[in-house]
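Here, each number is a calculation from the coordinates, and none is a lab measurement. Model, not experiment: these values are computed from the prediction.
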Amino acid sequence: QRPCSAAAVFTRNQVVAAPVIIDRETLKKDRRQICAVIANSGNANACTGQSGLENARRMQQLTAEALGCHTQQVLVLSTGVIGVPLPMSKIAQGIAAAANGLQPDYGSMAAQAIMTTDTYPKHMAVRVELTDGTVTIGGIAKGSGMIHPDMATLLGVFTTDAAVEPGLLDRLLRTAVNQSFNRISIDGDTSTNDTVLLLANSSSQIHLSNQQDIDQFQLALNAICADMAKTIVRDGEGATKFVEIKVVGAPDDQSAHVIAATVATSPLVKTAFAGSDANWGRILAAAGRSGIAFDQHQVSLSIGVTDVTQLQIVTQGTPTAYQEADAAAIFNEPEFKILLDCGAGPGKATMWTSDLSHEYVTINADYRT
């Protein structure tokens, strides 16, 4: 209904889908006039050559014509199978139908429409109290497999009625994504299409007028992105476990992130999660091959369902006198936490991951067929 300031983060994969290329070009020209986002699921429009780029631009054009805006005011998202041309006749029909059916609660319908192997739609919103009044941040996302920093087979669109200029919007989004979507992993693969957008349409006429407002908005954006990221992990392909991996005592925060990511993506660790096998040696072994230096004799490891009730497994590199049945009971829970203290500095980081189950293999063994 009105032009939006826009910010975006995209995949860092060198093989990028046509819509990512088009969106980068569009936002480079103007980040103050975005009016619409058009998305399709089932086909990624990736590795489709020049015709793929032309089809992504055609999606822009069809959407602009349907809504009465300019082509350069439309962003494009695609998700699905790689290497297959878009069926443009279906796309054209879908754009026309979607434009004709626009309504105030369209967001939740869009969240369902962009699902691929997701088992339920993902949408949420939060209100933020600022100096001059209340603004809202809402969002939809999809993601279930190919989940790994930087982002995943992940599409996310967040909107706000706050008045925020593009430069600040970009900083806010990058901070939030680095604390959420870049802290999750299901299978260690990064997709060709990963995109998270943040659009601000200023309809509330409420600005982030001081640093306190900026901080408050950032906290709210961080929270909604983190909640959405966790929801994606919980709905991971074949996932039966949701596991928080917290690393402390690393040389610095980036080192802690590297260690946490190595543990979170280890097939041996993730299959142990799936089998409720408290095989903690795999966790230490994964941390040890992360490339980050620490002294194994200073390492401590604990596990638990909450931060308060933790079972100490290892102290200073040596197993404690814990009961195996107690450890197995924690690994048998649908959600649990792992705390690894490397004893090497002030660095800390948290990642959220899932197990690697038989169902994950089944889903991905015949994804195309």
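What the table below lists for this structure:
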item	result
Extension gain, Ala92 back to Val305 (0.36 nm per residue minus Cα-Cα distance, nm)	71.8 nm
Flagged links, alpha-carbon separation over 28 Å, of Lys29/Lys348; Lys29/Lys230; Lys142/Lys241; Lys29/Lys122; Lys142/Lys337; Lys28/Lys230	Lys29/Lys348; Lys29/Lys230; Lys29/Lys122; Lys28/Lys230
Sum of -39500 (n - 2.57) over DSSP H runs of 4+, divided by residues of the chain (222 nm, nearest 500)	-11500 deg cm²/dmol
Under-5 Å amide H pairs with Lys122, H placed in peptide plane, nonlocal only	Ala141
Under-5 Å amide H pairs with Leu77, H placed in peptide plane, nonlocal only	Ile38, Ala39, Asn40
Karplus-derived HN-Hα couplings along region 323-335 (A = 6.51, B = -1.76, C = 1.60, θ = phi - 60°), whole Hz, x at Gly and Pro	8, 4, 4, 5, 5, 5, 5, 5, 5, 7, 6, x, 9
Calculated from backbone phi, Karplus (6.51, -1.76, 1.60) coupling profile of region 219-228 in Hz, x at Gly/Pro	4, 5, 5, 4, 5, 5, 5, 5, 4, 5
In sequence order, calculated HN-Hα J values of region 103-114 (Karplus, 6.51, -1.76, 1.60; Hz; x Gly/Pro)	7, x, 9, 5, x, 5, 5, 5, 4, 6, 5, 8
Relative contact order computed over region 1-85 (Cα-Cα under 8 Å; 6+ residues apart), in percent	39 percent
Rounded tilt (10° steps) of 253-265 against the dominant C-alpha axis of the chain	90 degrees
Antiparallel bridge percentage (DSSP; both residues within the chain; nearest 5)	65 percent
0 to 90° range, to nearest 10: angle between helix 88-100 axis and the chain longest Cα axis	80 degrees
